Amino acid sequence: MAQRQVDVVCPVYREAEGIQAFHAELTTVLDSIADRYATRVLYVLDPSPDETEHRLEAICRADPRATTIVLSRRFGHQAALVAGLEHSTGDAVVMLDSDGQHPPEVILALIAAFERGADVVQAVREDAPHTGWFKRTTSEAFYKLMSRVAAIDLRVGSADFRLMSRRVVDVFRTQLPERNPFIRGLTSWVGFTVAYVGFTSRERMTGESKYSLRMLIEFAITGVTSFSKVPIRAAAVLGSCMSFLSALYALIAVGAYFTQSFVAPGWTSLVAVIAFIGGLQLLFLGLIAEYVGQIFDEVKGRPRYLVARTIEQGSDSSLARAADERAV
């Protein structure tokens, strides 16, 4: 019987200082299962202005299990994960970040759950003492919001740290061609047999998070608009309520004029109501624009990422090797 294979997909961006230490820790874990599984490490690099690519090239030259997929530009974390899934060949695929916050030793627990029959093994983050109040609060609020408005089971603390069986990976490759994928939600949406493994988030090995507040907000908006129509339906309901109240106010004002012979005062309140309604209209237009923007991206049908070159043992990144270059 042929030995089964586990692929590990790691998105990378500006991790020159810590990537070699991360790889050493990762390979120690993979060595411990070498008697049961062949292993392969796929680094997906968003082009970085530092020495990350050169460090990865050195890793790939020294370790035949390692391959680096260099994207043509920075497509972002989710696109990097998609690229890793598209290039994987293993019976199971593990995805984790390369900044050290996802402990590689948790891979053993993910594989154990996979061996018990799970198709998706989701790692669930438990906040560590070093996790800031703002991050804990906003993260919890986001997951509670998703649980209320989206028809998916997205547990609080679910991270982009998980294992997928080959049949789930094939679903992502062939049946989920979304241009702005929210992988945490899609992993829950596809169903199959799901298991959960808890882990305590560690501090980054080096540097700072590459996710700015703006990127986190955009990520949250993508998640909500990808899986829920509740916001736009709520806008319609609120708009209907405002129209009803406006009509009711008009009837009251007309009735007061004919029954009490005076015009109901309240210019200040009238201006406030107009400003409030105008603000709601702009808010609703922005909300509709988010959904239209999602449709626009899908209709254009552009690739989710482009590969500039791959780096593996025996290759040289300076040659811009294009044997595996493709668009997805």
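The values are calculated or read from the model by the stated rules, or taken from the named source; none is laboratory data. Everything numeric in this text was worked out from a predicted model, so none of it was measured. Quick reminder, even Gly has a Cβ in these numbers, built from the backbone with ideal geometry, and neighbours come from all protein chains shown.
Against the criterion of being at pLDDT below 75, over 30 Å from THR68 (Cα atoms) and either in the same structural domain as HIS87 (by TED's automatic domain parsing) or in a loop (DSSP other than H, G, I, E, B) (or both), VAL224 does not qualify. For the stretch 177-188, a residue qualifies if it is within 24 Å of ILE107 (Cβ to Cβ) and either in contact with a Leu (Cβ under 7 Å, 6 or more places away or on another chain) or at pLDDT 80 or above (or both), and the qualifying residues are ILE183, ARG184, GLY185, LEU186, THR187, SER188. In summary, VAL156 fulfils each of the numbered conditions (1) at pLDDT 80 or above; (2) in contact with an Asp or Glu (Cβ under 9 Å, 6 or more places away or on another chain); (3) closer than 28 Å to GLU25 by Cα with the single exception of condition (1). Determine, yes or no, whether ALA34 is without any contact (Cβ under 8 Å) to a residue 24 or more places away in the chain and either surrounded by fewer than 24 Cβ atoms within 10 Å (Cβ to Cβ) or assigned by TED's automatic domain parsing to the domain that holds VAL168 (or both). Taking the combined requirement at face value, the residue satisfies it. Kindly evaluate ASP91 against the criterion of being modelled with pLDDT of 80 or more and surrounded by fewer than 19 Cβ atoms within 10 Å (Cβ to Cβ). Yes. On the given criteria, is VAL171 surrounded by 14 or more Cβ atoms within 10 Å (Cβ to Cβ), modelled with pLDDT of 80 or more and either within 22 Å of ASP99 (Cβ to Cβ) or in contact with a strand residue (DSSP E or B) (Cβ under 7 Å, 6 or more places away or on another chain) (or both)? Considered against the rule, which asks whether it is surrounded by 14 or more Cβ atoms within 10 Å (Cβ to Cβ), modelled with pLDDT of 80 or more and either within 22 Å of ASP99 (Cβ to Cβ) or in contact with a strand residue (DSSP E or B) (Cβ under 7 Å, 6 or more places away or on another chain) (or both), VAL171 comes out as no.
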